[in-house]
1. Take the residues in the stretch 270-296 that are surrounded by 14 or more Cβ atoms within 10 Å (Cβ to Cβ) and modelled with pLDDT under 95, then tell me which one is nearest to the chain's Cα centre (by Cα).
2. Under 9 Å between Cβ atoms, at least 6 apart or on separate chains: pull out the pairs that start in the stretch 188-209 with a residue that is without any contact (Cβ under 8 Å) to a residue 60 or more places away in the chain and closer than 16 Å to L23 by Cα and end on any residue that is part of a helix (DSSP H, G or I) and among the β-branched types (V, I, T).
3. Exactly one condition in (1) of a type in the set (F, W, Y); (2) touching a residue at least 24 places away in the same chain (Cβ under 8 Å); (3) not in a strand (DSSP E or B) is not met by Y230; state its number.
4. Exactly one condition in (1) under 30 Å from G42 (Cβ atoms); (2) exposed (fewer than 12 other Cβ atoms within 10 Å of the Cβ); (3) of a type outside the set (F, W, Y) is not met by P254; state its number.
5. Identify the residue in the stretch 11-31 that is farther than 16 Å from G42 by Cβ and not acidic (D, E) and, among all such residues, is surrounded by the fewest Cβ atoms within 10 Å (Cβ to Cβ).
6. Would you call F205 surrounded by fewer than 22 Cβ atoms within 10 Å (Cβ to Cβ) and out of contact with any Cys (no Cβ under 6 Å at 6 or more places or on another chain)?
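The values are calculated or read from the model by the stated rules, or taken from the named source; none is laboratory data. Predicted model only: the values in this text are computed from it and were never measured. Cβ placement follows ideal geometry from the backbone for every residue including glycine, while neighbour counts extend to all protein chains displayed.
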Amino acid sequence: MNVINLNNYQFVRASGPDSKQFLQGQLSCNMESLKINSSLTGALCNIKGRVVSDFQVALIDDDCLLRTTSKIADVIIQTLAKYAVFSKVELSNDKSVLQVFGLIGPESVNYLQEKFGVLPEYPGNCVNNELGTLIRSPGTVARFEFWCKDEAMITEIANQTVSGHASNQWQHEDVRAGIVHIDTTRSEDYTPQLLNYDISGVIDFNKGCYTGQEVIARMFYRGKPKKRLYLLASDNPLNSESKLLQLNADDIKPAEILSIGNSAEDSGEPSLVLAILDTEAVEGDWKFALSDHSESFLQIQSLPYSV
């Protein structure tokens, strides 16, 4: 079974009679659409329309549980607390989830069916029981994010072999899906447009007001972005030191890499990279290359949503 320890997550719990209504006025997703069997992806933005954090939120025992990246839970709580003084809501750094696992592939499907019976069918759908919360993740293969609350099951899953191939495959699928997480090193650095949150479903433009909404809506409806997040394929593996260049004759501009997903050896698949490119360069058919492989050009790939 292909299982991955997803250790880079934390959880924020919003509880109390006003929790859902309060979050509706703060988060980019439509909390009125949150159901017991359907989670949401969203973002918390500041008043300038910059992303403080992204998250996946699920409804657990009438509370809203937000899965965020490591070390940013306290930042979210401090940000939301400024607006929570007149609402009956309690915000806490939640410890009820003991471990987050990623499970991918047909063997994982069989295993999870034994534990949950019915599996979530579409990305974002979820199933809850005494073991925890299981959420279907986007991808070209069946994969699930499991918020485990059961110590015995953690031990059982931990006895499975965690292969480098599975870890690479999980990250590869995240990149292919255009998923970019915001951690403490990136908090408040990017607008939703730069991360494609405005076209990937992270921002709901029909939900009404939330913090940063006016700025975000104005950028979306009135301005053509000069930069966007694009998916590119490379014949060469990437690492944290890789640099991406935008090339046009004698004109060379750097591009910012946000996430990489190297393919497994002998898989025949290219490595993938999510990078912020100049829309002028994309529309002008510029070339894109790694600084250490300048003779090999990267190709722009389609994302699950339109760019």
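1. Here the residue is S271.
2. F205/I216
3. Against the list (1) of a type in the set (F, W, Y); (2) touching a residue at least 24 places away in the same chain (Cβ under 8 Å); (3) not in a strand (DSSP E or B), Y230 comes up short only on (3).
4. P254 satisfies all of (1) under 30 Å from G42 (Cβ atoms); (2) exposed (fewer than 12 other Cβ atoms within 10 Å of the Cβ); (3) of a type outside the set (F, W, Y) except (1).
5. First, the residues of the stretch 11-31 that are farther than 16 Å from G42 by Cβ: 15-18.
Imposing the further condition that a residue be not acidic (D, E) reduces the set to 15-17.
Working: S15: 18, G16: 17, P17: 11.
Here the residue is P17.
6. Details: surrounded by fewer than 22 Cβ atoms within 10 Å (Cβ to Cβ): yes; out of contact with any Cys (no Cβ under 6 Å at 6 or more places or on another chain): yes.
For F205, the condition - surrounded by fewer than 22 Cβ atoms within 10 Å (Cβ to Cβ) and out of contact with any Cys (no Cβ under 6 Å at 6 or more places or on another chain) - is met.
Conditions (1) assigned by TED's automatic domain parsing to the domain that holds N168; (2) more than 26 Å from E173 (Cβ to Cβ), marked per residue:
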{"position": "V215", "(1), (2)": "yes, yes"}
{"position": "N248", "(1), (2)": "no, yes"}
{"position": "I260", "(1), (2)": "no, no"}
{"position": "V282", "(1), (2)": "no, no"}
